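K.L.:
My questions all concern the structure below.
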Amino acid sequence: MRLSRYFLPTLKETPAEAQIASHRLMLRTGMVRQGAAGIYSWLPLGLRVLKKIEAIVREEQDKAGAIEMLMPTIQSSELWEESGRYEDYGKEMLRIEDRHGRHMLFGPTNEEMITDIFRREIKSYKDLPINLYHIQWKFRDEIRPRFGVMRGREFLMKDAYSFDLTPEDGVKSYNAMFVAYLRTFARMGLKAIPMRADTGPIGGDLSHEFIVLADTGESEVFFDKGFDKFDPLAVQPNFGDDLQPIVDQWTSLYAATEEMHDDTNCPVSDDSLIKGRGVEIGHIFFFGDKYSKPMGASVQNAEGKPVDVQMGSYGVGVSRLAGAIIEASHDDNGIIWPEAVAPFKVGLMNLGPKDENCTKTCDTIYEELQEKGVEVLYDDRSVGAGAKFTNMDLIGLPWQIALGKRGLENGVAELKNRVTGEKQEVAINDIASKLAS
Ligand code: P5A
């Protein structure tokens, strides 16, 4: 992408409304713009990141055996009356009336809708287990939307729903999601800790929140320092593997959110207990027949008797993750994207835009990178070198290539790693293949 033709409205000044680094940086780099409180447009750069996050979530869901579908954002109130949540959800639910006076709502979650789909189509235990998911926008009329996309009113969620015949099988489905979440977040460069959690309006008694540490996080958390030793990517399960030992390992150490933590009965000694703040990027629930029973979602078991199915639901804050990743990975100069979610892998800077040779060589590098499938943002604008460097650091692409007249004379370009700040000179002819490998 040529920057001269891109839509990247960066800001020099720090926007006054942004209280935390990720919000500031998402506005400054032109990733998002606010439409109304807690409602954002994703501009091209932000959308690229969102899509990358989504793709990792999708890959790990698919690997874990979940099946993708897509449910609508607008729902009818009827199903929610069946489950009893139409009243319970209170003011967080955005209620809408259509032209016929029917009560509709913008979905804050989809337990009711998926249970309805299930009960219409699936009648036999032979069709279980099944786990269906979608990645769709949700709306919650949060009392205090803040921190940009971290606590929005409209936000993108991956939500999966598992259906099993027995509670034991239900726990197996829960475990598959538990492990998929560990892998998903690790692939984005995040260290997420699963913590026993309160189930709130979703319900059930088995639940974990996946939390990444950040000083600006909204919840206070308490956990054993031993988590450091666990490597989530060491776990590469195959579909159908017994995952209980892995879940047991991760849940053997103490980790609890504020609501679940009890200072006096905490099993961890003071010197092993870490207290911090964190951001909840995922939340999983096992709630048995909470929805299947009132809504009549049952299947016939082997004896031909109807049994209410055992359900769980599993959420990932896809749009929140964009903020959480920046919160975990930035410095004074800007964002530092982990390669897996970076909007582009490389930023190419032409430091001699008025020089014909320099421009020609940069154009060639740009074309070579594209041919090799390397995602590149090419700063081909007629602005000073200083402005280009500052801008590239702000945007935070993992690699930067700078080529000016002096480098051209020596046949080398400068390659900088955004994480380490390390710079090296690389022969112009080699640079595209170096970045492709
Ligand atoms: C699980 C999937 C649920 O809604 N039903 C379907 C269950 N869980 S949850 O914890 O309430 O939400 C799942 C994840 O969504 C993100 N999230 C938000 N992101 C941005 N802004 C918000 N206002 C917001 N609310 C929830 C979180 O990452 C949460 O873990």
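What follows is calculated from the coordinates using simple rules that are stated; it is not laboratory data. Keep in mind it's a predicted model, so treat the numbers as computed, not measured. Glycine also receives a Cβ, built like all others from the backbone with ideal geometry; neighbour counts cover every protein chain displayed.
K.L.:
Order 343-356, 130-143 from most to least packed using the mean count of other Cβ atoms within 10 Å.
P.N.:
Order by mean packing, descending: 343-356, 130-143.
K.L.:
With the crude spin-label approximation of a point 7 Å out along Cα→Cβ, what separation in nm comes out for Lys354 versus Asn333?
P.N.:
It works out to 2.6 nm between the two label points.
K.L.:
Just want to confirm a number: the relative contact order over the range 94-145, from Cα pairs under 8 angstrom separated by 6+ residues, in percent. Don't jump to the answer; show the numbers that get you there.
P.N.:
Numbers: 27 pairs, mean separation 20.6, N = 52.
Rounded, it is 40 percent for the range 94-145.
K.L.:
Going by amide H atoms built from the backbone, whose H comes under 5 Å of the H on Gly217, apart from near neighbours?
P.N.:
Gly278
K.L.:
Right, something else. First select every other residue whose beta carbon is under 12 angstrom from the beta carbon of Ala160; then total the charges, Lys and Arg +1, Asp and Glu -1. If you can, show how the numbers build up before the last one.
P.N.:
On the way: positive: Arg58, Lys158; negative: Glu60, Asp62, Glu68, Glu111, Asp159.
For residues surrounding Ala160, the net value is -3.
K.L.:
For the range 39-55, what does the Karplus curve 6.51 cos²θ - 1.76 cosθ + 1.60, with θ = phi - 60°, yield as ³J(HN,Hα) per residue in whole Hz, taken in order and with x for Gly and Pro?
P.N.:
Once θ is set to phi - 60°, the couplings for the range 39-55 become 10, 10, 8, 9, 6, x, 5, x, 4, 4, 5, 4, 5, 5, 4, 4, 5 Hz.
K.L.:
Long-range amide H contacts for Asp380: which residues qualify at under 5 Å (H placed 1.01 Å from N, peptide plane, sequence gap of 5 or more or a different chain)?
P.N.:
For Asp380, the qualifying residues are Leu3, Ser4.
K.L.:
For the chain, what is the calculated [θ] at 222 nm in deg cm²/dmol (nearest 500), taking -39500 (n - 2.57) for each run of four or more DSSP H residues and dividing by its residue count?
P.N.:
Details: 13 runs with 134 residues, N = 437.
Result for the chain: -9000 deg cm²/dmol, rounded to the nearest 500.
K.L.:
With a ≥ b ≥ c the root eigenvalues of the C-alpha gyration tensor of the range 193-340, is it rounded (a/c under 1.5), prolate (a/b larger than b/c) or oblate?
P.N.:
Numbers: a/c = 1.90, a/b = 1.65, b/c = 1.15.
It comes out prolate by the Cα gyration axes.
K.L.:
Can you give the local net charge around Gly35? Use residues other than it whose beta-carbon is closer than 14 angstrom to its beta-carbon, Lys and Arg +1, Asp and Glu -1. Don't skip to the answer; put the middle values down first.
P.N.:
Values: positive: Arg33, Arg153; negative: Glu17, Glu154.
Local charge sum for Gly35: 0.
K.L.:
Then there's this: Through the Karplus equation 6.51 cos²θ - 1.76 cosθ + 1.60, θ set to phi - 60°, convert the phi angles of the range 293-309 into ³J(HN,Hα) values in whole Hz; use x for Gly and Pro.
P.N.:
5, x, 9, x, 9, 10, 10, 7, 8, 4, 8, x, 9, x, 10, 5, 6
K.L.:
Which of the pairs Lys126/Lys293; Lys158/Lys191; Lys158/Lys275; Lys51/Lys423 have their Cα atoms more than 21 Å apart in this structure? Kindly include the intermediate steps, with their values, before the conclusion.
P.N.:
Numbers: Lys126/Lys293 19 Å; Lys158/Lys191 19 Å; Lys158/Lys275 29 Å; Lys51/Lys423 30 Å.
Those over the limit are Lys158/Lys275; Lys51/Lys423.
K.L.:
Turning to a different aspect of this structure: Which trypsin sites (Lys or Arg not before Pro) in the range 1-78 sit in a loop by DSSP (not H, G, I, E or B) and have at most 12 other Cβ atoms within 10 Å of their own Cβ? Display every interim value, and only then the final one.
P.N.:
Values: sites: Arg2, Arg5, Lys12, Arg24, Arg28, Arg33, Arg48, Lys51, Lys52, Arg58, Lys63; in loops: Lys12.
Loop-located and lightly packed - Lys12.
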